[in-house]
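The values are calculated or read from the model by the stated rules, or taken from the named source; none is laboratory data. All values reported here derive from a predicted model rather than from experimental measurement. Quick reminder, even Gly has a Cβ in these numbers, built from the backbone with ideal geometry, and neighbours come from all protein chains shown. Quick note on the areas: whole protein, heavy atoms, side chains included, nothing else; ligands and nucleic acids left out. Shrake-Rupley method; radii C 1.70, N 1.55, O 1.52, S 1.80 Å.
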Amino acid sequence: NFYEQPVADAGPGGNNCGLEYYLKAVPSIGDGRWIVSSGPGTVSFSPDSITPDAIASVSEFGVYNFTWIEVNESCTDSATIAVNFVDSPAADAGPSGQECDLDFDLTGSSSAANGTWSIFSGSGNAVFDPGINASNSTVTVDEYGEYVFAWTEVNIACESSDTVGVIFREIP
């Protein structure tokens, strides 16, 4: 008997924010199935492991290898992708406020991600001390008025931002 050789295409892998990933195998000939080659936790497939575009739900963050195997009678082929499940940061810029001078103590909270302060709006320039990457920095502006500062956290491919409004008033 002569059978057509399947050509497995597991689709793209890469970084993924959260614990669910939409698999995208491209079926060729025969029957296909997802298996987990490696990973730090358990995996479930929805609706099942024979669905090419199943949702893979994992129990722990980390890198998992998924293999799409296709079988057509006695002929088989497989392709493997790596998916890095990354914890999404939750940026918190802290409370807004008012000042009767040109500096304000920002009290952002930092998760496991790297954070950066930036000026989102305002009429002047801003300097952050001890620096733009410290969640608790003192911001000093060179003009009075209303400002919005953004605290942005990035964890690999996952990003979260939060803003804080500050009104700087001149002392009468």
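Extending each Cα 7 Å along its Cβ direction at Ile55 and Asn114, get the distance between those two points in nm, one decimal.
3.2 nm
What is the spin-label model distance, in nm, from Asn84 to Ile167 if the labels are put 7 Å beyond Cα along the C-beta direction?
4.4 nm
Given 4 °C and 1.567 mPa s, how large is the Stokes-Einstein diffusion coefficient of the chain in µm²/s, with Rh as the Kirkwood radius over Cα pairs?
For these conditions, the coefficient is 67 µm²/s.
With a 1.4 Å probe and all protein chains kept in place, how much accessible area does Leu19 have, in Å² rounded to the nearest 10?
The accessible area of Leu19 comes to roughly 70 Å².
Given a 1.4 Å probe and the protein chains all in place, what does the accessible area of Asp31 round to, in Å² to the nearest 10?
Its heavy atoms expose roughly 120 Å² to the probe.
Averaged per residue, what accessible area in Å² does region 74-172 show with a 1.4 Å probe, protein chains only?
About 53 Å² of surface per residue is accessible.
Enter the Cα centre distance for the pair region 74-95 and region 1-36, rounded to the nearest angstrom.
Region 74-95 and region 1-36 have Cα centres separated by 16 Å.
For the chain, which cysteines have no disulfide-compatible partner, meaning no other cysteine Cβ under 4.7 Å?
By the Cβ distance rule, which asks for a partner under 4.7 Å, the isolated cysteines are Cys75, Cys100.
Normalise the Debye intensity by I(0) for region 37-132, one equal point scatterer per Cα, no solvent, then take log10 at q = 0.19 Å⁻¹ and round to two decimals.
-0.98
Residues of region 128-158 with backbone nitrogen within less than 18 Å of a virtual label 7 Å along the Cα-to-Cβ line of Asp103, please, listed as ranges.
Residues passing the 18 Å test: 128-145.
Could you work out what % of the accessible surface of the chain is carbon and sulfur, using a 1.4 angstrom probe and leaving DNA, RNA and ligands out of the count?
Ligands and nucleic acids excluded, carbon and sulfur give 50 percent.
Rg and Dmax of region 37-91, Cα atoms, in Å?
That works out to 13.6, 53 Å for Rg and Dmax.
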